[in-house]
1. So Val96 clears everything in (1) touching a residue at least 24 places away in the same chain (Cβ under 8 Å); (2) over 23 Å from Glu237 (Cα atoms) except one condition, right? Which one?
2. Determine, yes or no, whether Gly224 is on the phi > 0 side of the Ramachandran plot and of a type outside the set (Ser, Thr, Tyr).
3. Select, from Met125, Met132, the only residue that is in contact (Cβ under 8 Å) with a residue 12 or more places away in the chain, within 25 Å of Val96 (Cα to Cα), in a loop (DSSP other than H, G, I, E, B) and open to solvent by less than 40 Å² (accessible area, probe 1.4 Å).
4. For segment 244-262, check the following and say yes or no: at least one residue is modelled with pLDDT of 95 or more, of a type in the set (Asp, Glu) and touching a strand residue (DSSP E or B) at 6+ places or on another chain (Cβ under 9 Å).
Amino acid sequence: MIDIGVAGIGGRMGRAIASLVLDSRQMRLSGASESPGHSFIGRDAGECLGEGHLGIAICSDPAEAFAGCKVICDFTMPASTMRNMEYASDAHKAMVIGTTGLSDEQKGIIGKQAMTTPVVMAPNMSIGVNVMLKTAAMLTRMLGEDYDVEIVETHHRHKKDAPSGTAGALAEAIAEARGVKLDDYACYERHGIIGERPHGQIGVQSLRAGDVVGDHTIMFADKGERIELTHRAHSRENFAGGAIKAALWLAERQPGLYSMMDVLGLTDEDR
């Protein structure tokens, strides 16, 4: 039985992950955290989830919240994730990180901290999205640079960062497949008289509306035809399910920074 801690248990993803942990026969919920000042602090995690008393107090201090855990699942905000990662590194707790909006500097720090504990970090834990990432790179190599590439992502009105971490990962995969730096070719906004589309540009556009869980479409277009690759998330359970899969996989791994490609066996060696 693997002891799991859930950071941000009051959030949408925290609740979804905790519910799957409680339903699992391979793991148990052993810790929970929320940000300082949150109404859940000091309350029982089970009661907050509508599951009855579990004897797990929700804390804001990672050391208090996760002392009895082997793996911590974190889908929170960058500042919170960095605080939890620092604790995990010092205490040798494995981490599953699905937080988006992390800066390059923060990602670099996590990479260094992963030298002391195993970490899976991915902008999207969905199995389908990770297959999409693999497919996008393959199509890019096959179609070549004559095909214009546009990525459009749509999320609910409450999402705080843009573009989504998944859209960023898709753009990175396409740039890598072309052998270029994304920063040199990315276009995140268009307005006014913009002129002709530059050759090789990778467009990334963000839409925010209603309660959309997460839609991502990549368009490859050339004269006379286009290919569209789309993934639509119908609920957060597929993301939470991927996090659970990552936690089970990570529990037996050595220190290091891994991705969902590693978890799913979709690494470059399998091309």
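The values are calculated or read from the model by the stated rules, or taken from the named source; none is laboratory data. What you see is a predicted model; the values in this text were computed from it and never measured. Don't worry about glycine lacking a Cβ; one is built from the backbone with ideal geometry, like all the others, and counts go over all protein chains shown. The accessibility values were calculated without ligands, DNA or RNA, using every heavy atom of the protein model including side chains. Shrake-Rupley method; radii C 1.70, N 1.55, O 1.52, S 1.80 Å.
1. The single condition Val96 does not satisfy is (2).
2. It is true that Gly224 is on the phi > 0 side of the Ramachandran plot and of a type outside the set (Ser, Thr, Tyr).
3. Being in contact (Cβ under 8 Å) with a residue 12 or more places away in the chain, within 25 Å of Val96 (Cα to Cα), in a loop (DSSP other than H, G, I, E, B) and open to solvent by less than 40 Å² (accessible area, probe 1.4 Å) holds for just one of Met125, Met132, which is Met125.
4. For segment 244-262, residues modelled with pLDDT of 95 or more, of a type in the set (Asp, Glu) and touching a strand residue (DSSP E or B) at 6+ places or on another chain (Cβ under 9 Å): absent.
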